[in-house]
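To start, the structure under review is shown below, and the notes come after it.
The values are calculated or read from the model by the stated rules, or taken from the named source; none is laboratory data. Fair warning: this is a prediction, and the values are worked out from it, not measured in the lab. All accessible areas refer to the heavy atoms of the entire protein, side chains included, with ligands and DNA or RNA removed. Shrake-Rupley method; radii C 1.70, N 1.55, O 1.52, S 1.80 Å.
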Amino acid sequence: MESIDAVRADLLALIEDAESLDAVEQLRIEELGKKGRITGLMRGLASLPAEERRAQGAALNVLKDEIVAALDRRRTRLEDEALDRRLVTERVDITLPPRPESAGFIHPISQTIDEVVAIFGEMGFAVAEGPDIEDDWHNFTALNIPPEHPARQEMDTFYLPGERDGHRVVLRTHTSPVQIRTMVASPPPLRIIAPGRTYRCDSDATHSPMFHQVEGLIVDEATHMGHLKGCLIDFLRAYFAVDELPVRFRPSYFPFTEPSAEVDIGCTRSAGKLEIGHGSDWLEILGCGMVNPKVLAACGIDAGRYQGFAFGMGLERITMLKYGIPDLRTFFESDLRWLRHYGFAALAIPSLVRGE
Ligand code: DAH
């Protein structure tokens, strides 16, 4: 039988040579387990005379404790060394210059949506949304644009394959279907604006197949044409930040409003330059009118009791006018140099009412 001293010397040397935590664990399993040498020696005790067995047994227990302690020490040592190595390699060099940060910019259309929402928000309008993929009942029929109506052709509609609830599927040609969805979903009084994307099959210097509009709708028992005028005059003066901005209402026609009007703002055109806010020229900016009773009825609203007004406006146009952006197409070219020039700092407080 191997002597206890020989086993001790051998095991301590093995432990000292173990170079990894795995190796230490392996040794523990092998040497202290059932097949280990210490266990073997303990098994051999049975054949010894009683006197010797007691002495050898005690010595073996001491050996076992020593080996357990040696394994623990080795493990702690290896862990400490690993930590030291990490601390050295992961040291942060605080003398390095910082990496340049590039801040993002708010797209001018997003900025305009924020401003429009803020101004109408102060007038008590909530923001409503509808899907870009509409059906022709919401986009046309309920808005008093029947199938044979020329407006369906005028709007250069993108039709999609298939049907929804028996209706043709379209990319919405305006934000007006959100009026319909709002009136179908909730009873009056209603006061919403709906900014969003709209689509028409048209592409040139002043038309993009995807563009943005904001719709507005009020329905209650008392709102009349005077409120419509006051509301839009206030909005335009706040948005363009011109207190005395001339605003003109010109009779017009939309199937979903009666009477209808187009709204112009005062401007000056000279030497190819356009200036908003003064002068004797006019620039068309939006369409509006009193909600046609047929539209109220299509949405299940009692047109004898309720009335209201609606309006719709292109967002690219008012953004170009306010911020001097000359070309519509640049909005959607994703040119970072353009965005850095015309974009807005993300953390700046948007210029809200009257440019404050
Ligand atoms: N939907 C119209 C368009 O896209 C704009 C419009 C005009 C909306 C008059 C309205 C409105 O709500 O009353 O040309």
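The alpha-carbon of residue 229 sits under 23 angstrom from the alpha-carbons of these lysines, leaving out residues fewer than 8 places away in its chain: 294, 322.
For region 4-89, count the residues as N, evaluate 2.2 N^0.38 Å, and divide the Cα radius of gyration by that value, please.
1.32
Summed over the residues of region 77-214 and divided among them, the accessible surface reaches 58 Å² per residue at a probe radius of 1.4 Å. Derived scalar couplings between HN and Hα for region 208-224 equal 10, x, 10, 8, 10, 10, 10, 9, x, 8, 10, 9, 7, 8, 10, 5, 10 Hz in order, rounded to whole Hz, by the Karplus curve 6.51 cos²θ - 1.76 cosθ + 1.60 (θ = phi - 60°), x for Gly and Pro. Remark: accessible surface ordering of 72, 22, 264 (largest first) is 22, 72, 264, probe radius 1.4 Å. With one equal scatterer per alpha carbon and no solvent term, the Debye-computed log10 I(q)/I(0) for region 265-341 at 0.27 1/Å reads -1.24. Of the solvent-accessible surface of the chain, computed with a 1.4 Å probe over protein heavy atoms with every protein chain present, carbon and sulfur atoms account for 54 percent. Within the assembled protein chains, the solvent-accessible surface assigned to residue 186 is about 50 Å², based on a 1.4 Å probe.
Full extension of the chain between residue 53 and residue 323 yields a length gain of 87.2 nm, computed as 0.36 nm times the residue separation minus the alpha carbon distance. Let me make sure I get this right: for region 167-294, a, b and c are the square roots of the gyration tensor eigenvalues over alpha carbons, sorted descending. Under 1.5 in a/c it's rounded, otherwise prolate if a/b > b/c, else oblate. Which is it? The shape class here is oblate.
Are there DSSP H segments in the chain that both extend 27 Å or more along their axis (alpha-carbon positions) and score a mean Kyte-Doolittle hydropathy of at least -1.0? List them, or say none. Could the numbers behind the result be given before it?
Values: long enough: 50-89 (58 Å, -0.69).
Going by DSSP H runs, the hits are 50-89.
Taking only alpha carbon atoms, region 209-356 gives an Rg to Rh ratio of 1.02, where Rh is the Kirkwood radius.
Assign one of three labels to region 30-74, namely rounded, prolate or oblate, based on the Cα gyration tensor with a ≥ b ≥ c the square roots of its eigenvalues; rounded applies when a/c is under 1.5, prolate when it is not and a/b is larger than b/c, and oblate otherwise. Here region 30-74 falls in the oblate category.
Within a straight-line Cα-Cα reach of under 20 Å, residue 34 can be paired with the following lysines, leaving aside sequence neighbours fewer than 8 residues apart in one chain: 64.
Based on C-alpha pairs under 8 angstrom that are at least 6 apart in sequence, the chain has a relative contact order of 16 percent.
Excluding same-chain residues fewer than 8 positions from residue 273, which aspartates and glutamates have a Cα within less than 19 Å of its Cα? Within the straight-line cut-off, residue 273 pairs with 264, 281, 284, 316, 327. The P(r) of the chain has a tail past 25 Å containing 67 percent of all C-alpha pairs.
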